[in-house]
Amino acid sequence: MAEEFMDEFFEDEKLEEQETNEVERCLTFESGGMVMYMSTSYVIEIINDHSITALPIVPQYVKGIINLRGSILPVIDIRLLMDKEAEEYTSKTCIIVLNIDSVSIGIIVDRVRQVIDIDLSEVQPIPLRNRQKLCNGMITLDSGEVAMSFDAEALVQSSSDAV
């Protein structure tokens, strides 16, 4: 009897372990009228009001480069990359500095929201008619809003040709 209880106890513990492996810390942000999220494991820092040096002969979504403490980083406006209309930058506009597979890059977003835990088992595929560039899943937040999963690896692949 005690052995059965112990087996059950450890089985429950294993299930809890599996469930916690499905939860990931994610940064939520807005861009182009969409709420998006990505793993905080990609995020190095968030900066505001940084001078961007424009580059010639690059796609419109490549806003230029920044010198961040001696490192030169390309900066991409993901709103433009996702074929959304350009808008004036505001005081809430910021650059999220990312490190994706040892590639450092900055993305301009309309506004950073917060860090939340997302249960990856609840992420749903995006219906084909609503599919966006750089988004590979969606989830309904506690607020009822739908948030799109930002595909950081696809960003590096698409931008490596441009810069």
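The values are calculated or read from the model by the stated rules, or taken from the named source; none is laboratory data. Computed from a predicted structure; not experimentally measured. With ligands, DNA and RNA removed, areas are computed over all heavy atoms of the protein, side chains included. Shrake-Rupley method; radii C 1.70, N 1.55, O 1.52, S 1.80 Å.
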Find the accessible area per residue for the range 37-163; the probe is 1.4 Å, ligands and nucleic acids are left out, and the unit is Å².
57 Å²
Taking protein heavy atoms only, a 1.4 Å probe, and rounding to whole percent, the accessible area of the range 60-161 owed to carbon and sulfur comes out at 45 percent
Gain in length, LEU141 to HIS50, computed as 0.36 nm per residue apart minus the alpha-carbon separation, to one decimal in nm?
29.7 nm
Leaving ligands, DNA and RNA out of it, work out the accessible area of TYR61 with a 1.4 Å probe and give it in Å² to the nearest 10.
40 Å²
